[in-house]
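The structure under discussion appears below in the form of structure tokens.
The values are calculated or read from the model by the stated rules, or taken from the named source; none is laboratory data. Owing to the predicted nature of the structure, the values given are computational and were not obtained by experimental measurement. So basically every Cβ, Gly included, is an ideal-geometry build from the backbone, and we count neighbours across all protein chains shown. All accessible areas refer to the heavy atoms of the entire protein, side chains included, with ligands and DNA or RNA removed. Shrake-Rupley method; radii C 1.70, N 1.55, O 1.52, S 1.80 Å.
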Amino acid sequence: MSSSRRPASPRAPPTGALVGRLLRHADTAPGAAATLRPRLFELVLNVMMRALTGAPAHGGDVRRFQEIVEESFAVIGAPSVGDFYPALRWVDRLRGVDAALIRLQARRDAFVGGLVDDQRRRRDAGSGRATEKKSIIDELLSLQEIDPEYYTDTVVKGIVMILLTAGTDTSALTTEWAMAQLLTHPEAMLKVRAEIDANVGTARMVEESDIANLPYLQCVVKETLMLCPIGPVIPAHEAMEDCTVGGYHVRRGTMILVNAWLIHRDPRLWEAPEEFRPERFMDAGMVTAVTTPMLPFGLGRRRCPGEGLAMRLVSLTVAVFLQCFEWDVGEGGVIDMSEGGGLSMPMAKPLAAICRPREFVKRMLSASA
Ligand code: HEM
């Protein structure tokens, strides 16, 4: 994907609305734990929808798309006999894997087709001022006008689909892991909050432009990506030529699976790799860049194109959570840090935590409104 097609920055992401919803939760059910995953999913989907269509997602879209993404990761991540022994592909047909994929593809196609058609109708009707920033679908439809043979509807829908699927769950689940790590390491949580209070204060909500001045927060996000990579095994690549990797001869056409999870826990590469130690990145002077031997975003030319957006979005969401609320798991509460299965690596049990608004938050929100 060329840099000109990289996703737009989440300008003014809807974190304020999320804080508002958590405030209402804290008011109506004080002391009750809030489940973060659906709220985070909605936030990220809104950011992605605004980049793609120029408008936030509707409530119905959020539910429909969450189901599609969860099903995609579960179905695509399920073991397929035919991938390893092509002659046994019939076993997958018998197990219903192929039928599940076909059903899923029909739902995905209908959802994305609806987004593209809506945008096309708006363009044809001439709505949307010329001065407005163009959405990604708008850009793709402009490219379709210039080069209709390459940018067919199938290609346009495919690009939209991969951006939505690859961008939404990954960022939401990484934020959930980051909050779980901070809840189990309260000293790190206090350190992030102190950094935000010292650099941003309490008169306004933390913004995307503040992240550069919050190095410890960035280290927390990197440490989370190291210990809890949402893509523990990088999606399959294929060797384009014969090559040698780590002393092993790899023939052209071989399917390559890289185990990022294991590399991130290799004691030959990291000191105390099992421990949550954000400081390791401060010490190495590598606060911002995600560099080897870490590969939560993959490597090389198929490396994740959404990395910049994801880093900003996860960092900003964690910052807003910590600036606005005190968090805990309640009396005797324990966080289950077990890893769930599928193509991605979510927390096995969705994180639920109690949030208590800090005393200045309502004042701050009404001042900014
Ligand atoms: C914390 C969040 C994220 C993580 C951990 C993550 C991780 C990854 C990984 C491991 C890959 C595979 C790279 C490879 O094959 O070498 C990937 C691919 C991809 N990601 Fe992300 N990603 C995240 C967020 C995003 C976002 C926000 C977007 C879009 C806005 C996005 C779009 C994509 C796309 C389109 C690909 C496929 C690239 C290709 O095959 O050429 N990702 N991501």
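Points worth noting:
- Average projected area [Cα convex hull, segment 67-226], square nanometres: 15.0 nm²
- For segment 34-116, the fraction of C-alpha pairs farther apart than 15 angstrom is 65 percent.
- Its DSSP H runs of at least 4 residues, each contributing -39,500 (n - 2.57), put the calculated 222 nm mean residue ellipticity of the chain at -17000 deg cm²/dmol, to the nearest 500.
- Restriction of the GluC sites (Glu not before Pro) in segment 276-368 to DSSP coil positions whose beta-carbon has at most 11 other beta-carbons within 10 angstrom yields E331, E359.
- Amide H contacts of E326 (H built 1.01 Å from N, under 5 Å, at least 5 apart or other chain): R356, R358
- Cβ charges +1 (Lys, Arg) and -1 (Asp, Glu), total dipole of segment 265-369, debye: 560 debye
- Y85 accessible area, 1.4 Å probe, all protein chains in place, Å² to nearest 10: 140 Å²
- Charge dipole magnitude, Cβ of K and R +1, D and E -1 - the chain, Cα centre, debye nearest 20: 680 debye
- When the chain is treated as a Gaussian network with alpha carbon springs shorter than 10 Å, the biggest mean-square fluctuation among W270, W261, W327 belongs to W270.
- Label point distance in nm, R121-I146, each placed 7 Å from Cα along Cα→Cβ: 2.8 nm
- Value of D in µm² per second that Stokes-Einstein yields for the chain, Kirkwood Rh from Cα pairs, at 4 °C (1.567 mPa s): 58 µm²/s
- Reachable aspartates and glutamates, given that their alpha-carbon falls under 16 Å from the alpha-carbon of K362 and they are not under 8 places away in the same chain: D27, E326
- Computed packing ranks the peptides 315-321, 109-115, 30-36 as 315-321, 109-115, 30-36, most packed first, by mean other Cβ atoms within 10 Å.
- Karplus-based coupling profile of segment 104-120, in residue order and whole Hz: 4, 4, 5, 5, 4, 5, 5, 5, 5, x, x, 5, 5, 5, 4, 5, 5, with θ = phi - 60° in 6.51 cos²θ - 1.76 cosθ + 1.60 and x standing for Gly or Pro.
- The residue list I159, A125, L262 was ranked by how far each Cα lies along the charge dipole of the chain toward its positive end, using unit charges on Cβ atoms, and A125 comes out on top.
- Put simply, segment 176-229 fits an ellipsoid with semi-axes of 20, 12, 9 Å; these come from the alpha carbon gyration tensor as the roots of five times its eigenvalues, largest first.
- Using the Karplus relation 6.51 cos²θ - 1.76 cosθ + 1.60 with θ = phi - 60°, the per-residue 3J(HN,Hα) values for segment 194-205 come to 4, 5, 5, 4, 6, 9, 10, x, 10, 7, 9, 7 Hz, with x marking Gly and Pro.
- log10 of Debye I(q)/I(0), alpha-carbon scatterers only, for segment 141-219 at 0.20 Å⁻¹: -0.92
- Under 14 Å from the Cα of K349 - aspartates and glutamates, other chains or at least 8 residues apart: E176, D336, E339
- Amide proton proximity set for H185, modelled H, under 5 Å, gap of 5+: none
- D (Stokes-Einstein, µm²/s), Kirkwood Cα radius, segment 299-346, 0.692 mPa s at 37 °C: 232 µm²/s
- Cα convex hull of segment 230-341 - mean projected area over all directions, nm²: 9.9 nm²
- When you restrict to C-alpha pairs under 8 Å that are six or more residues apart and normalise by the size of the chain, the relative contact order lands at 25 percent.
- Ordering A178, G298, C355 by the projection of their Cα atoms onto the charge dipole of the chain, which places +1 on the Cβ of Lys and Arg and -1 on the Cβ of Asp and Glu, puts C355 at the extreme positive end.
- Solvent-accessible area of F281 with every protein chain in place, 1.4 Å probe, in Å² to the nearest 10: 0 Å²
- A simple spin-label model places the labels of M282 and A352 3.4 nm from each other, with each point 7 Å out along Cα-to-Cβ.
- The modelled label-to-label distance between R265 and V250, using points 7 Å beyond Cα along the C-beta direction, is 2.2 nm.
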